[in-house]
1. In the stretch 207-215, is there at least one residue being within 28 Å of residue 159 (Cα to Cα) and among the hydrophobic types (A, V, I, L, M, F, W, C)?
2. Just the residues that are among the hydrophobic types (A, V, I, L, M, F, W, C), surrounded by 20 or more Cβ atoms within 10 Å (Cβ to Cβ) and outside any strand (DSSP E or B), please, taken from the stretch 100-113.
3. Select the helices (runs of 4 or more DSSP H) contained entirely in the stretch 193-301, then report the ones holding at least 1 residues which are free of Cβ contacts under 8 Å to residues at least 12 places away in the same chain and surrounded by fewer than 23 Cβ atoms within 10 Å (Cβ to Cβ).
4. Looking at the stretch 59-83, which of the residues that are in a strand (DSSP E or B) and of a type in the set (A, V, I, L, M) is surrounded by the fewest Cβ atoms within 10 Å (Cβ to Cβ)?
5. Can you tell me how many residues within the stretch 30-55 are among the polar types (S, T, N, Q), within 17 Å of residue 278 (Cα to Cα) and buried (at least 18 other Cβ atoms within 10 Å of the Cβ)?
6. Looking at the structure I just gave you, is residue 9 under 15 Å from the mean Cα position of the chain (by Cα) and outside any helix (DSSP H, G or I)?
7. Check 46, 129 and return the single one that is more than 19 Å from the chain's Cα centre (by Cα) and of a type in the set (Asp, Glu).
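The values are calculated or read from the model by the stated rules, or taken from the named source; none is laboratory data. Note that the structure is predicted; figures quoted are calculated from it, not measured. Because the Cβ atoms are built from the backbone with ideal geometry, glycine has one as well, and the counts that use them run over all protein chains shown.
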Amino acid sequence: MNYPTEACLVEVGPRDGLQNEATALSVKQKSTLVDYLSASGLSVIETGSFVSPRWVPQMANSADVFQTIQRKAGVRYSALAPNERGLQDAIAAQASEVAIFVAVTESFSQKNLNASIEQTFERYKPVLEVAAQHELPVRGYLSCVLGCPYEGNVDPAVVSALTQRLLEGGCYEVSLGDTIGTGTAGSTARLLDTILSGGVSAHQLAVHCHDTYGQALANIVVALQHGVATIDSSIAGLGGCPYAVGATGNVATEDVIYLLEGLGIQHGVQIPALLKASDYICTQLGRETQSRAGRALSLNR
């Protein structure tokens, strides 16, 4: 089996992870986490989100976090910016890139974004245009690509069409989100086969796996086998999904690193430094890590 020689991890803990945690952290706590992650060798860190604090109160201090972090050369600090106001805030905060997100089912789009899929794309047109004027890269997220809490199974052809639409609209990459973690190796393979056969290149894709049913690593292996070498992960498995009962959140960065190590795929992350980041954030949240590899590696230190 041919695997990529190297992989890029997109660390989503400070944004997608923390926004789903019950505890709202201070600017100092968040910026310290980001600094620990930067020191570990991670090259892309989702640092915050510029959305209304009424909807996501945990992200209310993102602008201050961007101003407080110790930026490291070669590290991209990204932000979620779902509208023009959010984009302007991200530009002012000197985010390295921004992200937008689209649901693949109408039900999830209405429940989560209060808009249809078509309305969501219309909303993003000015965001993409202004970002292009500022030469600011835009990453696209697709939610519920392997299952929707309201509509069940999702047609891979629908995901393929939306992926192409985001790329044609100006996104440099599309992250395929298994938002409720119901995907399996089989459904992941069928999805990627469909998207890649439609003309999209593997280097234009990333996978964003939740581990609700314990399938995230298996799905990532399938993605790697298809040439997809960008993987979203969250330190200590931070986060969750309010739409899936028992959801355990994003796949843990430590678990992905351990997987890559076993496959001989380069990743550039220093495990001891990564464990320091994990120890820090778990202490701040008063919880244990959700990473099995993290727990085992910590015991062997």
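1. Yes, that holds for at least one residue.
2. 104, 108
3. Numbers: elements: 216-225, 253-263, 271-285, 292-299.
Output list reads 253-263, 271-285, 292-299.
4. Checked the stretch 59-83; the qualifying residue surrounded by the fewest Cβ atoms within 10 Å (Cβ to Cβ) is 80.
5. Step one: list which residues in the stretch 30-55 are among the polar types (S, T, N, Q), which gives 31-32, 38, 40, 43, 47, 49, 52.
With within 17 Å of residue 278 (Cα to Cα) added as a condition, the list becomes 31-32, 38, 40, 43, 47.
Cutting the leftovers down to buried (at least 18 other Cβ atoms within 10 Å of the Cβ) gives us 31-32, 38, 40, 47.
Total meeting the criteria: 5.
6. Considered against the rule, which asks whether it is under 15 Å from the mean Cα position of the chain (by Cα) and outside any helix (DSSP H, G or I), residue 9 comes out as yes.
7. Criteria check complete, one pass: 129.
Per-residue answers, yes or no, for (1) touching a His at 6+ places or on another chain (Cβ under 9 Å); (2) surrounded by fewer than 20 Cβ atoms within 10 Å (Cβ to Cβ); (3) within 21 Å of residue 21 (Cα to Cα); (4) of a type outside the set (Val, Ile, Thr):
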{"position": "57", "(1), (2), (3), (4)": "no, yes, yes, yes"}
{"position": "90", "(1), (2), (3), (4)": "no, no, no, yes"}
{"position": "115", "(1), (2), (3), (4)": "no, yes, no, yes"}
{"position": "122", "(1), (2), (3), (4)": "no, yes, no, yes"}
